[in-house]
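Q: One structure, as structure tokens, below. Some questions next.
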Amino acid sequence: MNIQLSRRHFLFASAALGGGLYLGLSPQRADAAEAGQLNAWVVVPPSGPIRIMASNPEVGQGIRTSLPMVICEELDADWAAVEIVPTLADAKTYGRQVAGGSQATPVHYENMRRVGAAARAMILDAAARAWGVPVAELSTDKGHVVHQAKRAPYGQFAAAAAALPAPDLAQVAVKDPKSFRLIGSFQPGVNNRAIVRGAQPYGIDAVVPGMVHAAFHKSGVQGAKVKSANLEAIKKLGGVKDALIVAGTDEYEGLAGGVAILAETTWHAQRARAALQVEWSDSPAAFQSTSAWAKMAAEAKGKPPGMPIHATGDVSAAMARATKRVSADYAYPFIPHVPMEPINCTAQVTGDKVEIWAPTQNPEPGRQAVAKTLGVPPENVTIHMMRVGGGFGRRLQNDYMVEAAWIARAAGKPVKLTWTREDDITQDFLRPGGWHFLEAGLDAQGRCIAWDNHFISYGRDGKFVRAADIGPRDFPAGIVDDFRVGATLLPLQHTTGYLRAPSNNAFGFVTQGFIDELAHAAGADPLQYRRDFLGSPRIIGDPKARGPYNTGRMRAVLDKAAAMAGWGRKLPKRTGLGIAFHFSHLGYFANVIEASVATDGTIKVHKIWVAGDIGRQIVNMAGATNQVQGSVLDAIGACMGHAITFADGAIEQRNFGDVPMLRNEQIPPIEVAFLTPDYPVTGLGEPAYPAVAPALANAVFAATGVRLRALPFDTSLLKA
């Protein structure tokens, strides 16, 4: 739900306990607001710190710092003195509470400005009445109203302000950005000190009186159900409270079948799990095999695509008149999310009331899924949005929430469910893999006049599985006149999901790697070729759709990154610069990477330069830089060794030893610059990711002459 500033969504103010002021947006009538309701963004007590509510899930992207900063800026409060308070999941009051799609900032930025500005306006109105002076003579400074030599804290006027009519949010005046004092500054996360002290509670730290700990054992082949299990033997083990079979549901992505073990501690539960002996039913996913899929893809390559996606012009005719034709095959695997905090959830069921403590990125669908599975009204499900120890898209799916709630109801007491790292990987909603069989036609000047892509990925019931699809307007649609993309779907049963910069995290590697090949085939400088490829500044596609982009904004970040890196400078032997750009989640990013390749094939990244454009305003420079650097490191890690393979229906990888994470010694300096043209503010969690892998592959090519067309990189190809 995106809160719109309309007559249906207006400001309400209510007297808080003790005579303060609660202030927020509500789709309900103002006179329905009850004193003490935690459904406001701003709380001004008579004394003590002003409280600003943080209503979005915090997964490390810094949103519980940046959005309150926006409110605080317009409220003109003292950032050093305010208190940030996380809210419950409550979409009816707070609108869209999602950490995904880089949407939190673009959805909430202007609304939060107006919430803060309206609060300030009401305080000023009350102060003007109390002091008997015109509002125009008053000013504010760090949570105080000022009139000449007189100065008083906001709390002095809070009770009176609560009794005043709320201003029209559509008409309330907001600051000129030139006068911002907080927005645009470098602010550490509001929970940083607690995190480094180990005092910040995450989902896994939730404690409910009387709770027991649960392990949930499921088949490695998704869809299998329990035929039998040695439950009686498990119940006799030390520390075990109970063991029960979860039948699961028959619907796809419903509650999985398995065995739940309840114990005094997580350690007891997992020790008992190791002694489980389960006989599983056959699963429709048993056919899944990486080698079989690779064979299917190779066979499909020589055939027409199974389904058209998008076509313009006449690709066949353009290819026929091309001076040179370039073809290449690109591939990338399934990869997991592997957040540092293992999947967990704590739940308590009392009658038809459910209370959940969950590190979720997307609480509302979780509420609906729990309500459906347990047969209770959705409004009876209360969700505490715990701090998330990494999500990257995995916690957009709430299967663990449903599991914890079901087990808690069966146990008759609160339950904390904790997955193991092996569960995280084998039961993940994976980023889908895919193949791109590409061909391009170049004219006598080396310009790309035709582009053909046979895309092969995974589907079910004739449709792409989640996060596997390619859009009809995805780059470079609209750039090349004679353009065609078609797809062939391979069967898949395992769950898939969104991983940071969904689809783009793979497509950026493919398109920017292939464009680099076209530049070299044309004998052109890779930077200049990209500038020419983008052409004159213009908007391609529907501005409201997924795929449009402004070529002028893209060229600007491309030029900036190249200038930062000193593009074209001479480098040592087996060292190269690679460049790439990508448009994703309304953000424009370009990277230049300097990398060297040892004679044994080892890749060393020396430095990365990143230029980005996410609109006219960076809310928190600290958080923004963190997000870019985090995206870059995620992408490098995926290049270096992330891959999931299947055999006999199940995932073969188990833990970090099989999916190695980036080590400290592999982390290069990352220099970040932002351009701020006058366009709406957009998000930052994802758009810096897609251009990293191709820039690194292009740097490796510049260093060695070897083109890497598959992820993760096969460094054995690079040995001298």
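The values are calculated or read from the model by the stated rules, or taken from the named source; none is laboratory data. Please read all numbers here as calculations on a predicted model, not as lab measurements. Quick reminder, even Gly has a Cβ in these numbers, built from the backbone with ideal geometry, and neighbours come from all protein chains shown.
Q: Consider ALA647 carefully, then state whether it is assigned by TED's automatic domain parsing to the domain that holds PRO572, touching a residue at least 24 places away in the same chain (Cβ under 8 Å), farther than 28 Å from ASP600 by Cβ and surrounded by fewer than 15 Cβ atoms within 10 Å (Cβ to Cβ).
A: Details: assigned by TED's automatic domain parsing to the domain that holds PRO572: yes; touching a residue at least 24 places away in the same chain (Cβ under 8 Å): yes; farther than 28 Å from ASP600 by Cβ: yes; surrounded by fewer than 15 Cβ atoms within 10 Å (Cβ to Cβ): yes.
Answer is yes for this residue.
Q: I'd like to check something: does segment 650-657 contain any residue that is touching a His at 6+ places or on another chain (Cβ under 6 Å) and assigned to a strand (DSSP E or B)?
A: At the first step, the residues of segment 650-657 found to be touching a His at 6+ places or on another chain (Cβ under 6 Å) are none.
No, segment 650-657 has no match at all.
Q: What do you reckon, is LEU489 part of a strand (DSSP E or B) and out of contact with any Gly (no Cβ under 8 Å at 6 or more places or on another chain)?
A: On the way: part of a strand (DSSP E or B): yes; out of contact with any Gly (no Cβ under 8 Å at 6 or more places or on another chain): no.
Considered against the rule, which asks whether it is part of a strand (DSSP E or B) and out of contact with any Gly (no Cβ under 8 Å at 6 or more places or on another chain), LEU489 comes out as no.
Q: What number of residues within segment 417-440 satisfy the criterion of being more than 25 Å from the chain's Cα centre (by Cα) and surrounded by fewer than 24 Cβ atoms within 10 Å (Cβ to Cβ)?
A: Quick first cut of segment 417-440, residues more than 25 Å from the chain's Cα centre (by Cα) only: 437-440.
Now restrict to residues that are surrounded by fewer than 24 Cβ atoms within 10 Å (Cβ to Cβ): 437-439.
Residues that pass the stated criteria total 3.
Q: Going by what's in this entry, would ALA77 be described as in a loop (DSSP other than H, G, I, E, B), at negative phi, at pLDDT below 95 and touching a strand residue (DSSP E or B) at 6+ places or on another chain (Cβ under 9 Å)? Reasoning before the result, please.
A: Numbers: in a loop (DSSP other than H, G, I, E, B): yes; at negative phi: yes; at pLDDT below 95: no; touching a strand residue (DSSP E or B) at 6+ places or on another chain (Cβ under 9 Å): yes.
The answer is no for ALA77.
Q: Looking at (1) at pLDDT 95 or above; (2) surrounded by fewer than 17 Cβ atoms within 10 Å (Cβ to Cβ); (3) of a type outside the set (Phe, Trp, Tyr); (4) outside the structural domain of PHE437 (by TED's automatic domain parsing), which is the only condition ASP250 fails?
A: All conditions pass for ASP250, except number (1).
Q: Ok, one more. In segment 455-462, is there at least one residue being crowded, with 24+ Cβ neighbours inside 10 Å and touching a Lys or Arg at 6+ places or on another chain (Cβ under 7 Å)?
A: no
Q: Taking the options LEU633, LEU586, name whichever one is under 26 Å from the mean Cα position of the chain (by Cα), at positive phi and of a type outside the set (S, T, N, Q). It would help to see each step written out before you state the result.
A: Details: LEU633 fails: at positive phi.
One residue alone meets the criteria, LEU586.
Q: Take the residues in segment 586-617 that are outside any strand (DSSP E or B) and in contact with an Asp or Glu (Cβ under 9 Å, 6 or more places away or on another chain); name whichever of them is nearest to GLY513 (Cα to Cα). Let's see the steps before the verdict.
A: As a first pass, look at segment 586-617 and keep what is outside any strand (DSSP E or B): 586, 598-602, 614-617.
Of the ones still in play, those that are also in contact with an Asp or Glu (Cβ under 9 Å, 6 or more places away or on another chain) are 601, 615-616.
On the way: GLY601: 19, GLY615: 27, ARG616: 30 Å.
Across segment 586-617, the extreme among qualifying residues is GLY601.
Q: Another one. Being in a strand (DSSP E or B) and of a type in the set (A, V, I, L, M, F, W, C) is the filter here; which residues of segment 180-224 pass it?
A: Taking segment 180-224 first, the residues in a strand (DSSP E or B) are 202, 212-217.
If the condition is that a residue be in a strand (DSSP E or B) and of a type in the set (A, V, I, L, M, F, W, C), then VAL212, ALA214, ALA215, PHE216 are the ones that fit.
Q: Of all residues being outside any helix (DSSP H, G or I), free of Cβ contacts under 8 Å to residues at least 60 places away in the same chain and at negative phi in segment 509-537, which is surrounded by the most Cβ atoms within 10 Å (Cβ to Cβ)? Just the residue, please. Steps first, please.
A: To start, the set of residues in segment 509-537 that are outside any helix (DSSP H, G or I) comprises 522-525, 535-537.
Imposing the further condition that a residue be free of Cβ contacts under 8 Å to residues at least 60 places away in the same chain reduces the set to 525, 535-537.
Checking which are at negative phi leaves us with 525, 536-537.
Details: ASP525: 16, SER536: 7, PRO537: 12.
In this case the residue turns out to be ASP525.
Q: Quick check on segment 112-127. Is at least one of its residues assigned by TED's automatic domain parsing to the domain that holds ILE50, in contact (Cβ under 8 Å) with a residue 12 or more places away in the chain, of a type in the set (D, E, K, R) and surrounded by fewer than 18 Cβ atoms within 10 Å (Cβ to Cβ)?
A: No, segment 112-127 has no match at all.
Q: Scan segment 64-84 residue by residue and report those that are among the β-branched types (Val, Ile, Thr) and crowded, with 24+ Cβ neighbours inside 10 Å. Break it down stepwise before answering.
A: From segment 64-84, those among the β-branched types (Val, Ile, Thr) are 65, 70-71, 82, 84; that's our starting set.
If the condition is that a residue be among the β-branched types (Val, Ile, Thr) and crowded, with 24+ Cβ neighbours inside 10 Å, then VAL70, ILE71 are the ones that fit.
Q: Please verify whether segment 405-417 includes one or more residues that are farther than 25 Å from ALA243 by Cα, part of a helix (DSSP H, G or I) and in contact with a Leu (Cβ under 9 Å, 6 or more places away or on another chain).
A: Taking segment 405-417 and keeping what is farther than 25 Å from ALA243 by Cα, we get none.
No, segment 405-417 contains no residue that is farther than 25 Å from ALA243 by Cα, part of a helix (DSSP H, G or I) and in contact with a Leu (Cβ under 9 Å, 6 or more places away or on another chain).
Q: Sticking with this structure for a sec: Look through segment 158-199, keep the residues that are more than 18 Å from LYS142 (Cα to Cα) and among the basic types (Lys, Arg), and return whichever of them is surrounded by the most Cβ atoms within 10 Å (Cβ to Cβ).
A: The qualifying residue surrounded by the most Cβ atoms within 10 Å (Cβ to Cβ) is ARG193.
Q: Here's a follow-up. Quick one: would you say ALA688 is in contact with a strand residue (DSSP E or B) (Cβ under 6 Å, 6 or more places away or on another chain) and either part of a helix (DSSP H, G or I) or outside the structural domain of ASN591 (by TED's automatic domain parsing) (or both)? So that I can check it myself, show each step before the final result.
A: Details: in contact with a strand residue (DSSP E or B) (Cβ under 6 Å, 6 or more places away or on another chain): yes; either part of a helix (DSSP H, G or I) or outside the structural domain of ASN591 (by TED's automatic domain parsing) (or both): no.
Against the criterion (in contact with a strand residue (DSSP E or B) (Cβ under 6 Å, 6 or more places away or on another chain) and either part of a helix (DSSP H, G or I) or outside the structural domain of ASN591 (by TED's automatic domain parsing) (or both)), ALA688 does not qualify.
Q: Right, next: Could you list all residues from segment 386-402 that are in a helix (DSSP H, G or I) and either of a type in the set (Asp, Glu) or touching a Gly at 6+ places or on another chain (Cβ under 7 Å) (or both)? Write out each step before concluding.
A: Within segment 386-402, the first condition is being in a helix (DSSP H, G or I), and the residues that meet it are 394-396, 399-402.
Across segment 386-402, the qualifying residues are ARG394, LEU396, ASP399, MET401.
Okay, residues lined up against (1) free of Cβ contacts under 8 Å to residues at least 40 places away in the same chain; (2) under 17 Å from ALA99 (Cβ atoms); (3) part of a helix (DSSP H, G or I):
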site: PRO342; (1), (2), (3): no, no, no
site: VAL354; (1), (2), (3): no, no, no
site: GLN361; (1), (2), (3): no, yes, no
site: PRO365; (1), (2), (3): yes, yes, yes
site: ALA369; (1), (2), (3): yes, no, yes
site: LYS372; (1), (2), (3): yes, no, yes
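Q: Could you say whether any residue in segment 273-291 is part of a helix (DSSP H, G or I), surrounded by fewer than 20 Cβ atoms within 10 Å (Cβ to Cβ) and under 31 Å from the mean Cα position of the chain (by Cα)?
A: yes
Q: Next question. Looking at this structure, is ALA673 under 21 Å from SER102 (Cα atoms) and either without any contact (Cβ under 8 Å) to a residue 12 or more places away in the chain or surrounded by fewer than 22 Cβ atoms within 10 Å (Cβ to Cβ) (or both)? Steps first, please.
A: Working: under 21 Å from SER102 (Cα atoms): yes; either without any contact (Cβ under 8 Å) to a residue 12 or more places away in the chain or surrounded by fewer than 22 Cβ atoms within 10 Å (Cβ to Cβ) (or both): yes.
It is true that ALA673 is under 21 Å from SER102 (Cα atoms) and either without any contact (Cβ under 8 Å) to a residue 12 or more places away in the chain or surrounded by fewer than 22 Cβ atoms within 10 Å (Cβ to Cβ) (or both).
Q: Tell me, yes or no, whether segment 330-345 has at least one residue that is within 30 Å of PHE429 (Cβ to Cβ) and more than 28 Å from the chain's Cα centre (by Cα). Step through it out loud before you land on a result.
A: Residues of segment 330-345 within 30 Å of PHE429 (Cβ to Cβ): 330-345.
Then keep just the ones that are more than 28 Å from the chain's Cα centre (by Cα); that gives none.
Among the residues of segment 330-345, not one is within 30 Å of PHE429 (Cβ to Cβ) and more than 28 Å from the chain's Cα centre (by Cα), which makes the answer no.
Q: Does PRO668 satisfy being modelled with pLDDT of 95 or more, buried (at least 20 other Cβ atoms within 10 Å of the Cβ) and within 24 Å of the chain's Cα centre (by Cα)? Show your work before the answer.
A: Working: modelled with pLDDT of 95 or more: yes; buried (at least 20 other Cβ atoms within 10 Å of the Cβ): no; within 24 Å of the chain's Cα centre (by Cα): yes.
In short, no.
Q: Further question on the same structure: What pairs come up if the first residue lies in segment 379-400 and is within 15 Å of GLN348 (Cα to Cα), the second is among the basic types (Lys, Arg), and their beta carbons are under 7 Å apart, counting only those six or more places apart or on different chains?
A: Once the first residue is within 15 Å of GLN348 (Cα to Cα) and sits in segment 379-400, its partners that are among the basic types (Lys, Arg) give ASN380/LYS353; VAL381/ARG367; ILE383/ARG367.
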